[in-house]
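All of the numbers you see were taken from the coordinates with simple rules; none came from a lab. If you're wondering where the values come from, they're calculated on a predicted model, not measured in any experiment. Heads up, the Cβs are rebuilt from the backbone with ideal geometry, glycines too, and the neighbour counts pull from every protein chain shown.
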Amino acid sequence: MALFCVSVSGVLAFVYYTTEQVIVRQTDETIQAEILGLTEHYRDEGLTGLLQIIRQRSAGASGKRGLYLLADQKFHPLAGNLQHWPDSPVARSGSAWIDFLVRSEEQGAGAPQVARARIFDLPGGFHLLIGRDMTERGQFQAVMAEALLGALGVAIFLGLVGGVLMSRDLLRRLDAINRSTRAIIRGDMRERMPVTGSDDEFDQLSTNLNLMLDRIHELMQGIRQVTDNIAHDLRSPINRVRSRMEMTLLGQPDVATCREAMQDTIDEADAILGTFNALLDIALAESGAPREQFETIDLAQVASDAKDLYEPLAEDRGLRFDSEIASGLEIRGNRHLVSQALSNLLENAIKYTPDGGQIGLYGHQGEAGPVLEIADSGPGIPEGSRDKVLARFARLDESRATPGSGLGLSLVAAVARLHEAGLRLEDNEPGLRVILQFGAAGSTGGKGLESGTRDESSAKSESTRKSGPMAATFFAQLAAV
Amino acid sequence: MRILVIEDDRQAAAYLMKGLKESGYAVDHAPDGAEGLFLAGSERYDAMVVDRMLPGVDGLEIIKSLRDKGNRTPVLILSAMGQVDDRVKGLRAGGDDYLTKPYAFSEMLARLEALLRRGNVAPADTKLRVDNLEMDLLARVVSRGGRRIELQPREFQILQYLMRHQGHVVTRTMLLEAVWDYHFDPQTNVIDVHISRLRQKIDKDYDQPLLHTVRGAGYCLRASG
C-alpha cells in the first residue's frame, strides 16, 4: 500500500514539475518573441516609433498581463504600464531575466503580483523591460497542484478500496482451496478444488491440483487392483499347499507319502513364485522404468531366436510352424521383455492349438513401423469375447490359467504398452491372430470392429499404465520384505 | 573345495550351508559385510556366494573391493533384485554369475560348480571331447566315433555348452541364458524338446548314452561308466 502511495505521488509530482517547466518556457518564449518584434520596430522607426508602440501595447495589453516599460538613462519611466523601474540591483545591471513584484494599475494597492521580465539596454542609454505578469501562471499552478493532490487522494482511495476488494477475493478463493484440501485430508477423496471457469492463475492452480488428485486416485485404484490380484492369485495356491500339508499330517504318513507331499509342495511353491515373478514383470513393464534402458533392438533377430526356441516344441506337438520374418525390423526397446512377450504368445499358440494344426510367426515392416504377428489355428476367441479378453488383460483370469500363472497375456499387454505398440486380436480363420504393431500405437487402419477393440484396449492401457509406477514400487517393497 | 557364503539371513544361510556341505564342500559363513570382507581377504576360497542385500552394505561393494585388491575368486551373486539391469550391474561389479532369489538349491549348485570349473577349462580350446564325441569349434563340426553328426546351429551351441561343462549338471535356465540369452523361465518344457532332439542325434545310434537327465535339476553330459 505504501509503495502504491509513493509511486502515485511520484507520478503526480513529475506531472506537476514538467507542467511548470513547460509554462515557464512558454512565458520566456512569448517574451522573447515580443522583444524580437520590438527590436525590429526600433530599428525601423527609431525611439519615437518604439515609444508609440509601447504605449499602444501597454494600453491594450493590460488584460493579457503584458508588462512594458521604457526608461531613460536614470531609469525614469518614459512609457509603459509599470509605475517605476524594478528596484533590484540585477534590474539595473544590464541585460538579464528578472523576477520581481509588481502592482499593476488595475489592482492598485492590492497585493503585489509576481512578474517575470527581460530587460536590456538600448543604444543611447535607454532601458527596455518587457515582461509578463505571472499571476495567471501562479493561479494555474495552484489549480494544478490542487487537481493533482485531488487525483492523489482519489487514486489512494481507489487503490485502497480495490486492494481490499481484491485481496478479499484472493483470500476467499484461497480459502475455498484450503477447504477442499481439508476435506480431502479428512478422507473425502472425491472432493475437488473449485474451478470458476475464468481461466486465471487460480483456476489453473485448481485445475492442476485436480488433475494431480485424479492421478493419485488412479494410482490408488491401481494398487487396490494389484492387491486384489495378489489376494486372488496367490491366496488360493497357498491355501492348497496348506491343506495338502495338513491332510498329510492328519493321516499316519509313511516316508513315501511325505516325500510325495513335499514334492507337490515344492511344485506349488514354484508355481506361486512363477506367478509372483510374472506380477513383478508386469509391474515393471507397466512402470515404464525399462524405457530408460531402451536400446535399438532388431525384432527380426528377437523373432527368429524365439522361433528357434519354440519350433521344435511345436513340431513335437504335431503342429506346423510357419514363419516369415523380414530383416531389419529395428525398434527402440527392451529385448528381454519383448522376447518374453513373444515367448508367452508362442506358448499360448502352441498350448491352444490341437494336433495337426499350424502356428505362425511373422514379422514385416508396416507403414508405421515393424509388425509382429503370431497366429494359430486353434479355437480362437469368438469375435464378441475379444473385447472381454482384452479387457481382462489387466486382471488375472483364472479360466485361462492352464499350466502357468495365467498372466502371460497380461505381460504381453504390459510390454506392448511399454513399447507404445498396438495390440490387436483378430480372427485367423480359423484361430487367433495376435498383432503387435510397433512404431505408432494402433495407428494402422482397420475395420470398425477392430478399431473399436483397439480403442477399448488403449483406453484400458491408459488407465493401467498410470497405475504402473506406484504398483511397481509396491511390488518392489513386497519383494524386499 | 572351500566356499565362503556371505548371507545375513540366518535361515537362508543355514539352508545353503547344509546343502553345500552335503555336496562335499567345506563352507564358511559370514553374516555381514565386514566379516565377509575379512574372511575373503584372509582365507583362500575356491568360490564365494554373496547375497546382494546385506545389512548396511551392498554385496556389490564387497565384490568391488575384493576385485580392487586383485582377488579373483569366482563370485556367485544372490539377489532379490532380478531385473536385467540389476544383473548387468552385478556382473559389472565383478560378479561371475547372478542368481535371483528365490532359487532352487540344485540351480545354485550347478551354477556354483560351473564357476568352480571355470579356472580349469581353457576357453581357447578349439576342440572339445567327451568320450568319443568330438567338437571342432573352428570347423564347426561334430562327430562321434569318427562319424559326422549334423546339428542345427542352436543344437551346436547347446552341445558346446554341455561339453564345456562335461561331467556336471547344467540346468535348463543355464542353457536358456547361455544359448538364447533369455533371463526368464518359459512356462513350458521347451528346453527338454531341444535336448531330446540333440539326444536323438548324438546318442541314438550308440550303446553308451552321453547325455543324461538329472532329475529335478537338469542335464549332464558325461561318459558312462
Can you list residues from other chains, or at least 5 along the same chain, whose modelled amide H is less than 5 Å from the amide H of residue B:8? none
Check residue B:47: other-chain or 5+ apart residues with amide H under 5 Å from its amide H, H built from backbone geometry? B:2, B:4
From the backbone phi of the range A:171-186, what are the Karplus-calculated ³J(HN,Hα) couplings (6.51 cos²θ - 1.76 cosθ + 1.60, θ = phi - 60°) in whole Hz, Gly and Pro given as x? 4, 4, 6, 4, 5, 4, 5, 4, 4, 4, 4, 5, 4, 5, 4, 5
For each pair in A:307/B:204; A:307/A:351; B:18/B:101, compute the distance between the two Cα atoms and list the pairs where it is over 20 Å. A:307/B:204
Mean Cβ count within 10 Å, highest first, over the residues of peptides A:331-341, B:151-161: A:331-341, B:151-161
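Determine the percent antiparallel among the DSSP beta bridges restricted to the protein assembly as shown, to the nearest 5. Intermediate results must be reported in sequence, preceding the final value.
Details: 65 of 88 bridges.
If we restrict to bridges inside the protein assembly as shown, about 75 percent are antiparallel.
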Tell me, what ³J(HN,Hα) does each residue in the range A:70-87 have, in order and in whole Hz, if you take phi through Karplus 6.51 cos²θ - 1.76 cosθ + 1.60 with θ = phi - 60° and put x for Gly and Pro? 10, 10, 8, 4, 9, 6, 7, x, 9, 8, x, 9, 9, 5, 8, 5, x, 7
Would you please give the residues with an amide H less than 5 Å from that of residue B:137, counting only those at least 5 places away or on a separate chain, with H modeled from the backbone geometry? B:127, B:128
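Do any GluC sites (Glu not before Pro) in the range A:297-368 lie in a DSSP loop with no more than 16 other beta carbon atoms within 10 Å, and if so, which?
Numbers: sites: A:315, A:324, A:330, A:347, A:367; in loops: A:367.
For GluC sites (Glu not before Pro) across the range A:297-368 that sit outside H, G, I, E and B with at most 16 neighbouring Cβ atoms in 10 Å, the list reads A:367.
Restricting to DSSP loop positions (anything but H, G, I, E, B) with no more than 13 other Cβ atoms inside 10 Å of their own Cβ, which trypsin sites (Lys or Arg not before Pro) remain in the range A:8-93? Write down the numbers at each step before the final one.
Details: sites: A:25, A:43, A:55, A:57, A:64, A:65, A:74, A:92; in loops: A:65, A:74.
The qualifying sites are A:74.
Hey, what D do you get for the range A:228-335 in µm²/s if you plug the Kirkwood alpha-carbon radius into Stokes-Einstein at 25 °C and 0.890 mPa s? Walk me through the intermediate numbers first.
Values: Rh = 18.1 Å.
D, rounded to a whole number, is 136 µm²/s.
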Distance-filtered residues of the range B:143-178 - backbone nitrogen under 17 Å, label point 7 angstrom along residue B:137 Cα→Cβ: B:143, B:154-167, B:178
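Sum -39500 (n - 2.57) across every DSSP H segment of at least 4 residues in chain B, then divide by the residue count to get the 222 nm mean residue ellipticity, nearest 500. Don't skip to the end; give the middle numbers.
On the way: 8 runs with 86 residues, N = 225.
Counting only the DSSP helices, I get -11500 deg cm²/dmol.
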With the calculation restricted to Cα positions, what are the radius of gyration and Dmax of the range A:2-139 in angstrom? 17.6, 64
Efficiency of FRET from Cβ geometry, residue B:26 and residue A:315, R₀ 41 Å, rounded to 0.05: 0.30
Which whole-Hz couplings ³J(HN,Hα) result when phi for each residue of the range A:239-247 is put into the Karplus expression 6.51 cos²θ - 1.76 cosθ + 1.60, θ = phi - 60°, listed in order with x for Gly and Pro? 4, 4, 4, 4, 5, 4, 5, 4, 4
Rounded, prolate or oblate (a/c below 1.5 giving rounded, otherwise prolate when a/b exceeds b/c) for the protein assembly as shown by Cα gyration tensor: prolate
Using only the alpha-carbon atoms, how far is helix B:190-203 inclined from the longest principal axis of chain B? Give it as 0 to 90 degrees, nearest 10. 50 degrees
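Report the GluC sites (Glu not before Pro) located in the range B:16-84 that are in a DSSP loop and have at most 14 other Cβ atoms inside 10 Å of their Cβ, or state none.
Filter output for the range B:16-84: B:43.
Treat every Asp and Glu Cβ in the range B:78-225 as -1 and every Lys and Arg Cβ as +1, leave all other atoms uncharged, and give the resulting dipole magnitude about the Cα centre to the nearest 20 debye. Intermediate values should be presented prior to the final figure.
Details: 22 positive and 19 negative charges, 39 e Å.
Using Cβ point charges on Lys, Arg, Asp and Glu, the range B:78-225 gives about 180 debye.
Assuming a ≥ b ≥ c are the square roots of the Cα gyration tensor eigenvalues, decide whether chain B counts as rounded (a/c under 1.5), prolate (otherwise, with a/b larger than b/c) or oblate. Walk me through the numbers on the way to the answer.
Numbers: a/c = 2.09, a/b = 1.98, b/c = 1.06.
Taking the square roots of the gyration eigenvalues as a ≥ b ≥ c, chain B is prolate.
What does the charge count near residue B:45 come to, summing +1 for each Lys or Arg and -1 for each Asp or Glu among other residues with Cβ under 12 Å from its Cβ?
On the way: positive: B:2, B:44, B:72; negative: B:28, B:43, B:46.
It works out to a net charge of 0.
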